[in-house]
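Below: the structure, in structure tokens.
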Amino acid sequence: MENIKNKVIVITGASSGIGAVAAQKLAALGAKVVLAARREDQLKAIVAEIGDNAIYIPTDVSKRADLDNLIQQAIDKFGHVDVLWNNAGIMPISFFEEGLVDEWDRMIDINIKGVLYGINAVLPHMLQRGQGHILATSSVGGIKTSPGIGVYSATKFAVKAIMETLREEVAQTIKVTTIFPGATQSELGHDITSPKIKALYGNLKNMPKMDEDAIADAVIYAIGQPGNVSVNELVIRPLGQTR
């Protein structure tokens, strides 16, 4: 993975799950990683494990100023940003009839606005350099929806639309990749409050799930391609997941 060595890679949602695993793997391959999330204690622990090739910056992706600060601090520390992975997301799914509007708002703020704010923060820098790579985590829920995931699915369809449009706009200079994970062992969904979802699916433990490494390895594959190759979409499901 010579194409990863010395790249400066910024990852949101990096305090746990696939973001944290990918950060550790990328650093082991020689990348310089900038970890961003809200939970500073967890970020600090991961950076301590990785060592000198990592820094962390507490970041709330629903705040535009936080994303601007994240990219600027990464540039101040390492000189430039090669890769931004907009990975932060939440999944408090529910049925429309339950009216959990505050949770809908949070998903829109984090899952959609967080991606837009990240793109806005880093794109001028990448265009000025004439190179770069922007990734975002959508979901298989961004390909097909089903009862109970309407708002979450809408946010992930939005990520697909944003990233495909971005790709068409900047395809001559900037790589654009959208990841569509299926069910994965992570904290995603831990904040589900819907009684109806809990009655139907419990705590989601019985679903077939992938290890976080599967998604981290897919991201490494996309980032590690030669300069003239852009991996645009990766759909990864655990064996047994049909939707």
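About the Cα centre of the chain, what is the dipole size in debye to 20, counting +1 per Lys and Arg Cβ and -1 per Asp and Glu Cβ, all else neutral?
340
Label points 7 Å out from Cα along the Cβ direction at residue 221 and residue 60: separation in nm?
For residue 221 paired with residue 60, the spin-label model returns 3.7 nm.
Return the distance in nm (one decimal) between the two label points of a simple spin-label model at residue 96 and residue 190, each offset 7 Å from Cα along Cα→Cβ.
Inter-label distance under the simple model: 3.1 nm.
When the Cα centres of the stretch 141-177 and the stretch 1-67 are compared, how far apart do they sit, in Å?
The stretch 141-177 and the stretch 1-67 have Cα centres separated by 23 Å.
Could you give the size of the charge dipole of the stretch 58-128 about its Cα centre, using +1 on the Cβ of each K and R and -1 on the Cβ of each D and E, expressed in debye and rounded to the nearest 20?
Its charge dipole is roughly 360 debye.
Could you check how much of the accessible area of the chain is carbon and sulfur, as a whole percent, using a 1.4 Å probe?
51
How much area per residue is accessible in the stretch 98-243 when the probe is 1.4 Å and only protein heavy atoms are counted (Å²)?
48
Could you calculate the FRET efficiency of residue 143 with residue 172 from 1/(1 + (r/R0)^6), where r is the beta carbon distance between them and R0 is 22 Å, rounded to 0.05?
Given R0 = 22 Å and the Cβ-Cβ separation, E is 0.25.
Just tell me which lysines come within less than 26 Å, Cα to Cα, of residue 156; anything on the same chain fewer than 8 places away is out.
Hits, sequence-local ones excluded: 25, 63, 113, 144, 175, 196, 198, 205, 209.
When only Cα pairs under 8 Å and 6 or more residues apart are kept, what is the percent relative contact order across the chain?
Worked out over the chain, it gives 21 percent.
Counting only helical runs of four or more DSSP H residues, what would the 222 nm mean residue ellipticity of the chain come to if each run contributes -39,500 (n - 2.57) and the total is spread over all its residues?
Only helices count here, giving -13000 deg cm²/dmol.
The values are calculated or read from the model by the stated rules, or taken from the named source; none is laboratory data. None of these values were measured; they are calculated from a predicted model. Don't worry about glycine lacking a Cβ; one is built from the backbone with ideal geometry, like all the others, and counts go over all protein chains shown. SASA here: full protein model, heavy atoms, side chains in, ligands and nucleic acids out. Shrake-Rupley method; radii C 1.70, N 1.55, O 1.52, S 1.80 Å.
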